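Peer 1: Here it is, the structure in full.
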Amino acid sequence: MTETEKLNFLKALNKAGIEFSYADPHQGCFSISPVGALECVKDPLAYRARIWRVTVEALTEYDQWVANGCPCNATTEEGRQCRNTVDYYSTSPHNFVPGVTDRCRVHRSEKRQ
């Protein structure tokens with residue numbers, strides 16, 4: 001099947017009343033167009049990066065941080081990683097800044113040097 005045939009098929013399903021939806025941990029579940037569904041199937045990571053308006057690389061870095069349990073990546077006075085848990089819901093892909101938003105309350109309030 002060509003891309004055009006796939007898209008026409010999805011459009012026919014949509015016209016028949018079948019809706020497509022996408023679920024994202026931060027944005028919840030929402031309807032997407034047949035074009036969006038095809039794009040999502042072709043490259044899910046690129047589609048997700050596009051809806052968050054970030055690069056694939058930035059989204060990958062964010063996803064790795066979340067997969068590791070959202071640890072604080074600051075260094076303690078003893079030279080170890082803090083690893084306090086950062087509130088996952090307060091940091092989303094579009095505002096994730098390594099070295100800034102991946103910090104716990106204690107380390108966010110410290111003066112940055």
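Peer 1: I'd like to verify a number: residues in region 1-49 that are out of contact with any helix residue (DSSP H, G or I) (no Cβ under 8 Å at 6 or more places or on another chain) and outside any loop (DSSP other than H, G, I, E, B), how many?
Peer 2: 15
Peer 1: Collect the residues in region 59-94 that are closer than 19 Å to ALA23 by Cα and either in contact (Cβ under 8 Å) with a residue 40 or more places away in the chain or not hydroxyl-bearing (Ser, Thr, Tyr) (or both), keeping them in residue-number order.
Peer 2: Answer for region 59-94, where residues must be closer than 19 Å to ALA23 by Cα and either in contact (Cβ under 8 Å) with a residue 40 or more places away in the chain or not hydroxyl-bearing (Ser, Thr, Tyr) (or both): LEU59, ASP63, GLN64, VAL66, ALA67, TYR89, SER92, PRO93, HIS94.
Peer 1: Scan ARG48, ARG80, ARG108 and give me the residue that is within 23 Å of PHE30 (Cα to Cα) and either of a type in the set (Phe, Trp, Tyr) or modelled with pLDDT under 95 (or both).
Peer 2: The match here is ARG48.
Peer 1: Can you pull out the residues in region 5-59 that are under 12 Å from PRO93 (Cα atoms) and among the small types (Gly, Ala, Ser)?
Peer 2: ALA49, ALA58
Peer 1: Next question. Among (1) assigned by TED's automatic domain parsing to the domain that holds MET1; (2) over 30 Å from MET1 (Cβ atoms); (3) in contact with a Phe, Trp or Tyr (Cβ under 7 Å, 6 or more places away or on another chain), which single condition is PRO25 missing?
Peer 2: So the condition that PRO25 fails would be (3).
Peer 1: Tell me whether region 55-73 contains one or more residues that are in contact with a Cys (Cβ under 8 Å, 6 or more places away or on another chain), crowded, with 16+ Cβ neighbours inside 10 Å and part of a loop (DSSP other than H, G, I, E, B).
Peer 2: So far as region 55-73 goes, yes, one or more of its residues are in contact with a Cys (Cβ under 8 Å, 6 or more places away or on another chain), crowded, with 16+ Cβ neighbours inside 10 Å and part of a loop (DSSP other than H, G, I, E, B).
The values are calculated or read from the model by the stated rules, or taken from the named source; none is laboratory data. Quick caveat, the model's predicted, so the values are computed rather than measured. Every residue, glycine as well, gets a Cβ built from its backbone with ideal geometry; the counts of neighbours run over all protein chains shown.
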